[in-house]
Each structure stands twice: as structure tokens, then as C-alpha cells.
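Structure record follows, encoded as C-alpha cells.
The values are calculated or read from the model by the stated rules, or taken from the named source; none is laboratory data. Since this is a predicted model, take the numbers as computed values, not measurements. So basically every Cβ, Gly included, is an ideal-geometry build from the backbone, and we count neighbours across all protein chains shown.
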């Protein structure tokens, strides 16, 4: 009778990566966190405080998602980010 390989490192279908293939570098994780906080803050600023300040925060926080989208080849998410980036920039220059 053979011993089970469940839970042993290096025995699964991704054994060459040691099971750490899903982990992202700290910089990208920080960008995700800052992007999400920036998007929420920017939307609140846009609605309740100042249109210009909200659009600036939304534009800058939208840029933080680009490294993750490029690294993971999330082209649909990159397209959406670019679309809203253009809308926010247009909103800054049109009154």
C-alpha cells in the first residue's frame, strides 16, 4: 500500500513552482490595495467634496492597476481601466 501524497510539497500538477505560483510580488499587492482605496476615496470626493479633486484621485488610482493587468495579461481589465482613465481625464479638462 502506498502512502498518500496529499499535502506534500512538490507533488501536485504545479510541482515545479512549489505551489507558490498564485502569489504576487508585494509591490503589485500594494498597488491593488492603494488602487481600491483610491477609487473609493476618489468617488466620495467626486460626489461630495470637489469634482476636480475626485477626478484627480480617480485618475491616479486607476493608473495603479496597470502593472497588475499587464503582468497577469488581463486585457479586458486593462481596456476598462484605460476607458475610465480617458473619461476621467476628459472630465478634468471639460467643465
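Kindly provide the set of residues from segment 43-72 that are in a helix (DSSP H, G or I) and out of contact with any helix residue (DSSP H, G or I) (no Cβ under 9 Å at 6 or more places or on another chain), ordered by number.
Matches in segment 43-72: none.
Among the candidates 64, 47, 68, 89, single out the residue that is surrounded by 13 or more Cβ atoms within 10 Å (Cβ to Cβ) and over 13 Å from the mean Cα position of the chain (by Cα).
89
Within segment 25-44, which residues are surrounded by fewer than 13 Cβ atoms within 10 Å (Cβ to Cβ) and at pLDDT below 90?
25, 26, 27, 29, 30, 33
Can you spot a residue in segment 10-21 that is modelled with pLDDT of 60 or more and not in a helix (DSSP H, G or I)?
no
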